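The values are calculated or read from the model by the stated rules, or taken from the named source; none is laboratory data. As the structure is a computational prediction, the values presented were derived from the model and not from experiment. Positions of Cβ are backbone-derived with ideal geometry, glycine not excepted, and every protein chain shown enters the neighbour counts. The area values use the complete protein model at the heavy-atom level, side chains included, leaving out ligands, DNA and RNA. Shrake-Rupley method; radii C 1.70, N 1.55, O 1.52, S 1.80 Å.
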Amino acid sequence: MGDTLMKIVLVNKFHYRKGGSETYCFTLAESLMNRGHEVVYFAMEDEKNFPCEHSKYFVSNVDYNNGGALNKAKAALKIIYSKESKDKMTQLIQTEKPDLAIFNLVHRQITLSIVDALSKYNIPIMFVMHDLICACPNYTMLSGGMLCEKCLGKHFINCVKNKCVKNSTIKSAIAMFEADFYQFRKTYNNIDTYITPSGFYKKKLDEACFTKSSIIHMKNPLPIDTVYELPQKVGNYILFFGRLSQEKGILTLIEAMKKVKNDDELWILGNGPQREELEQFIAGNGLSTKVKLLGFMIGAELKSIVAESKAVVLPSEWYENGPYSVMEAMSKGRPVIAANIGGLPEMVEDGVSGYVFESKNANDLSDKLNKLLALDEENYMRMSKAAIEKAKADFNPDNYVDFIIDQYNKIILKRGK
């Protein structure tokens, strides 16, 4: 049975590969177009953007970190409700006549002013929750680098009390005002369906009681050109790749490497605010031959290192959602060792496609590392194949498009059209 072909506007503040939400956005676009649907992009102007025929609709780049007090005040209002975004979205609707809008990252730069434009023309809206901003003005449920749920249930004043946004009272106050503003206007009720990549995020957003609309869990898709294959060779290293920051749990991982019995190394790829601290910790603990900080890598070089690693480790100490690093590693048959926090344990079958350990527990992590490194070739290969099969089953882009179409039909049915 063929799809009823649609024109879908994909909304995401960045139109270049910046992180997981952009990987998702471009993956969804390719998957939709592969099935004959038409995609229109709505984003923010940026010199890093990919060329796009829809860039005439893109909104001005908002920077509220620079300028004097008056400029900052104007920018603050603009990041809560942007008339420009609403007007540009109205132009897009009038010209392109989309059937559906799918939101990704929209707060602060694009703003939810576009909900008003879409609602006026009765266009259904789905919102893919890549973060927790509807429940937490800081969007990460982190305060001072530690897990925090004080704002859950619309208690947003805690964001200001704890200076959660960049340790700034002003920025935290703006974030609180934004959260209260959307609650006051009942904006979140005007979005038809929320989609969470992890069951954990669904649970947290349900607890937040921020909307009367349905919140549904569906794992993110991998790109349609993903090649599911075991690598020709496996290197003698465990791999972490990502942002070098406190909540990623990298210090716990390095600590765990002290008790790893064999000669396998830990390779750390990425940059971030914790790099200097990690360098000092590695040197101070005599781990320079065992732990390598290799900097930031992208593209073919990164893919090759992931594909030839013995395993990929996510030692996170915050509420991860459904990271593409896990998905990409599994598609190459790499076992994943993940902390039991956020959406991570939903992605890894303990003892089957990898191992799950207690977040922040270096001893438990070293036990799991030793367990994996002690596997004989037959059992290691069984784990590698299980990772590939799980990736194929859980992250299928065709199934994801079916899901989007099904949700769209449910919205239309509910509206009584």
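Of all residues in the range 159-185, which are of a type outside the set (D, E, K, R) and in contact with a Ser or Thr (Cβ under 6 Å, 6 or more places away or on another chain)?
Those that are of a type outside the set (D, E, K, R) and in contact with a Ser or Thr (Cβ under 6 Å, 6 or more places away or on another chain): CYS159, VAL160, ASN162, CYS164, VAL165.
Pairs, please: C-beta under 8 Å, at least 6 apart or cross-chain, first residue of a type in the set (Phe, Trp, Tyr) and in the range 264-290, second in a loop (DSSP other than H, G, I, E, B) and at pLDDT 95 or above?
Taking only residues 6 or more apart or on different chains, the pairs are TRP267/SER309.
Which one is farthest from SER31 (Cα to Cα), of the residues in the range 210-252 that are aromatic (Phe, Trp, Tyr) and not in a loop (DSSP other than H, G, I, E, B)?
Our first condition is that a residue be aromatic (Phe, Trp, Tyr); within the range 210-252, this holds for 210, 228, 237, 240-241.
So of that shortlist, the ones also not in a loop (DSSP other than H, G, I, E, B) come out as 237, 240-241.
Working: TYR237: 34, PHE240: 28, PHE241: 26 Å.
The qualifying residue farthest from SER31 (Cα to Cα) is TYR237.
Yes or no, residue by residue, for (1) open to solvent by less than 20 Å² (accessible area, probe 1.4 Å); (2) touching a Pro at 6+ places or on another chain (Cβ under 9 Å); (3) not polar (S, T, N, Q); (4) not in a loop (DSSP other than H, G, I, E, B):
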residue	(1), (2), (3), (4)
LYS78	no, no, yes, yes
GLU84	no, no, yes, yes
GLN94	no, no, no, yes
PRO98	yes, no, yes, no
VAL106	yes, no, yes, no
LEU132	yes, no, yes, no
CYS136	yes, no, yes, no
LYS150	no, no, yes, no
VAL165	yes, yes, yes, no
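So which residues in the range 254-274 are more than 19 Å from VAL312 (Cα to Cα) and open to solvent by 30 Å² or more (accessible area, probe 1.4 Å)?
Once the filter is applied, which keeps residues that are more than 19 Å from VAL312 (Cα to Cα) and open to solvent by 30 Å² or more (accessible area, probe 1.4 Å), the range 254-274 yields only PRO273.
When the residues of the range 167-204 are narrowed to those that are in a loop (DSSP other than H, G, I, E, B) and farther than 24 Å from LEU28 by Cβ, which ends up farthest from the chain's Cα centre (by Cα)? Give the derivation first.
Step one: filter the range 167-204 for residues in a loop (DSSP other than H, G, I, E, B), giving 167-168, 185-186, 191-192, 197-198.
Those left that are additionally farther than 24 Å from LEU28 by Cβ: 167-168, 185-186.
Details: ASN167: 23, SER168: 24, ARG185: 27, LYS186: 25 Å.
In this case the residue turns out to be ARG185.
Confirm whether PHE395 is open to solvent by 20 Å² or more (accessible area, probe 1.4 Å) and aromatic (Phe, Trp, Tyr). Before you say what the answer is, go through the steps one by one.
Details: open to solvent by 20 Å² or more (accessible area, probe 1.4 Å): no; aromatic (Phe, Trp, Tyr): yes.
No, not satisfied.
From the residues in the range 392-409 that are within 18 Å of TYR194 (Cα to Cα) and free of Cβ contacts under 8 Å to residues at least 60 places away in the same chain, which one is farthest from the chain's Cα centre (by Cα)?
In the first step, residues of the range 392-409 are kept if they are within 18 Å of TYR194 (Cα to Cα); the result is 399-409.
Those left that are additionally free of Cβ contacts under 8 Å to residues at least 60 places away in the same chain: 402, 406, 409.
On the way: ASP402: 21, ASP406: 23, ASN409: 26 Å.
Filtering first and then ranking leaves ASN409.
Conditions first: (1) assigned to a helix (DSSP H, G or I); (2) open to solvent by less than 10 Å² (accessible area, probe 1.4 Å); (3) touching a residue at least 60 places away in the same chain (Cβ under 8 Å). GLU207 passes all but one, so which condition is the exception?
The one condition GLU207 does not meet is (2).
For the range 230-253, which residues satisfy the criterion of being over 18 Å from LYS292 (Cβ atoms) and open to solvent by 60 Å² or more (accessible area, probe 1.4 Å)?
Across the range 230-253, the qualifying residues are GLN232, LYS233, GLN246.
Taking the range 167-179 only, how many residues are surrounded by fewer than 16 Cβ atoms within 10 Å (Cβ to Cβ) and either modelled with pLDDT of 95 or more or among the hydroxyl-bearing types (Ser, Thr, Tyr) (or both)?
Qualifying residue count, the range 167-179: 2.
Could you list, in sequence order, the residues of the range 325-367 that are surrounded by fewer than 24 Cβ atoms within 10 Å (Cβ to Cβ) and either on the phi > 0 side of the Ramachandran plot or more than 22 Å from the chain's Cα centre (by Cα) (or both)?
The answer is GLY333, ASP350, GLY351, VAL352, LYS360, ASN361, ALA362, ASN363, ASP364, SER366, ASP367.
Pairs, please: C-beta under 7 Å, at least 6 apart or cross-chain, first residue in contact (Cβ under 8 Å) with a residue 12 or more places away in the chain and in the range 88-109, second β-branched (Val, Ile, Thr) and part of a loop (DSSP other than H, G, I, E, B)?
As it stands, the answer is ILE93/ILE123; PRO98/ILE123; LEU100/ILE123; ALA101/ILE123; HIS107/ILE133; GLN109/VAL62, since those pairs meet every condition given.
Is at least one residue of the range 219-229 more than 25 Å from LYS18 (Cβ to Cβ) and open to solvent by 40 Å² or more (accessible area, probe 1.4 Å)?
First pass over the range 219-229, keeping only residues more than 25 Å from LYS18 (Cβ to Cβ): 228-229.
With the extra rule that they be open to solvent by 40 Å² or more (accessible area, probe 1.4 Å), the set shrinks to 228-229.
Yes, there is a match, as at least one residue in the range 219-229 is more than 25 Å from LYS18 (Cβ to Cβ) and open to solvent by 40 Å² or more (accessible area, probe 1.4 Å).
Under 7 Å between Cβ atoms, at least 6 apart or on separate chains: pull out the pairs that start in the range 355-380 with a residue that is within 11 Å of VAL260 (Cα to Cα) and end on any residue that is among the aromatic types (Phe, Trp, Tyr) and open to solvent by less than 60 Å² (accessible area, probe 1.4 Å).
Pairs that qualify, where the first residue is within 11 Å of VAL260 (Cα to Cα) and the partner is among the aromatic types (Phe, Trp, Tyr) and open to solvent by less than 60 Å² (accessible area, probe 1.4 Å), are LEU365/PHE357; LYS368/TYR355; LYS368/PHE357; LYS371/TYR355; LEU372/TYR355.
Could you go through the range 293-309 and let me know if any residue there is open to solvent by less than 10 Å² (accessible area, probe 1.4 Å), of a type in the set (Ser, Thr, Tyr), at pLDDT 95 or above and within 18 Å of ASN236 (Cβ to Cβ).
yes
For the range 293-410, give me every one of the helices (runs of 4 or more DSSP H) that falls completely inside it and has 3 or more residues that are over 29 Å from GLU30 (Cα atoms). Spell out how you get there, then give the answer.
Working: elements: 299-307, 324-331, 344-347, 362-373, 377-394.
The qualifying helices (runs of 4 or more DSSP H) are 362-373, 377-394.
Could you say whether any residue in the range 367-375 is within 30 Å of GLU149 (Cα to Cα) and not hydrophobic (A, V, I, L, M, F, W, C)? If you could, list the steps in order and put the result at the bottom.
To start, the set of residues in the range 367-375 that are within 30 Å of GLU149 (Cα to Cα) comprises 368.
Checking which are not hydrophobic (A, V, I, L, M, F, W, C) leaves us with 368.
Checked against the condition, which is being within 30 Å of GLU149 (Cα to Cα) and not hydrophobic (A, V, I, L, M, F, W, C), the range 367-375 yields at least one hit.
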